[in-house]
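Please read the structure below before turning to the comments.
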Amino acid sequence: MTIVYEQHSSGFQTCVRPADALSLSFKAGLPASHVASFEHLPAKLGLKRIGQLGFVVPDVERACLNYGGHFGVRTWYRPNLLSCEIQSQGQPVDQRFTVAIGYWKRIQIEILQVEGTDRALLDANDASEEPRLHHIGFFVGAKKCTQERLIRKGYRVLESGTISFARRSKTHFAYLDTQASLGVIVELIENRFRNRRVDMPEWYVWLGALAGQVSRQRPEARYDPPQRRS
């Protein structure tokens, strides 16, 4: 599969072309004549297939309403974040995330709204109205070991942390400072459910929706957050 993310004067669209399942190419907020290809990243980093495309937006609600069809997303999932602990160079970071995720085949599409005094660490200050490709994510079984291996290869960690969800589900993540060297930020994602690795396929998130811990939203429908149970 090849995905070409094209910016146009009238908006943007995502074009999907048949090709190798690991082949990903984008035109993402770049001059029309420039194509940034990331199909080489798994081999270069010693990782498996690309698992997530992350887009930064100023308003998750508006992005879900306006752009789901462009990504091929039929349902957005809005997880309830219980807590989020983030550090950069050993110091706590002031960031708050609003997240929506969807799926195009086996690839997770993440829409991310970043708030807080340290949002610039993720280059989130210049989020335009249209989704901007921010990072490419890889699901891994041991984030700490993978992170240490890539540090030895010369990559620096921008920030890392842990997000806690309901049902004893936790996501450990690290953003690598690879924008200059690779053309995009790389995220390492280790998701655990009751201490077992689950790489967040759609069926897993769908089960969370059935249990009432994840809200579902159609691209054309407004978000109706669940009511807290007394």
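The values are calculated or read from the model by the stated rules, or taken from the named source; none is laboratory data. Fair warning: this is a prediction, and the values are worked out from it, not measured in the lab. Counting neighbours? That spans all protein chains shown, and the Cβs are built from the backbone with ideal geometry, glycine included.
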Next on the checklist: Just to check your reading of the model, which residue among V93, V140 is of a type in the set (V, I, T), surrounded by 17 or more Cβ atoms within 10 Å (Cβ to Cβ), at pLDDT 90 or above and over 24 Å from R216 (Cβ atoms)?
Outcome noted: V140
Next on the checklist: Looking at I86, I3, can you tell me which residue is at pLDDT 85 or above and surrounded by 14 or more Cβ atoms within 10 Å (Cβ to Cβ)?
Outcome noted: I86
Next on the checklist: Condition first: of a type in the set (S, T, N, Q), outside any loop (DSSP other than H, G, I, E, B) and touching a strand residue (DSSP E or B) at 6+ places or on another chain (Cβ under 7 Å). Now tell me which residues in region 159-211 satisfy that.
Outcome noted: S160, T162, S164, S169, T171, Q179, N191
Checklist entry - So which residues in region 46-74 are touching a His at 6+ places or on another chain (Cβ under 9 Å) and small (G, A, S), if there are any at all? => result G54
Checklist entry - Of all residues in region 72-118, how many are of a type outside the set (V, I, T) and in a strand (DSSP E or B)? => result 22
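Rundown of residues vs (1) within 17 Å of K44 (Cα to Cα); (2) surrounded by fewer than 20 Cβ atoms within 10 Å (Cβ to Cβ), yes/no style:
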| site | (1), (2) |
| --- | --- |
| P131 | no, no |
| I136 | yes, no |
| R152 | yes, yes |
| R156 | yes, yes |
| E159 | no, yes |
| R168 | no, yes |
| H172 | no, yes |
| L176 | yes, no |
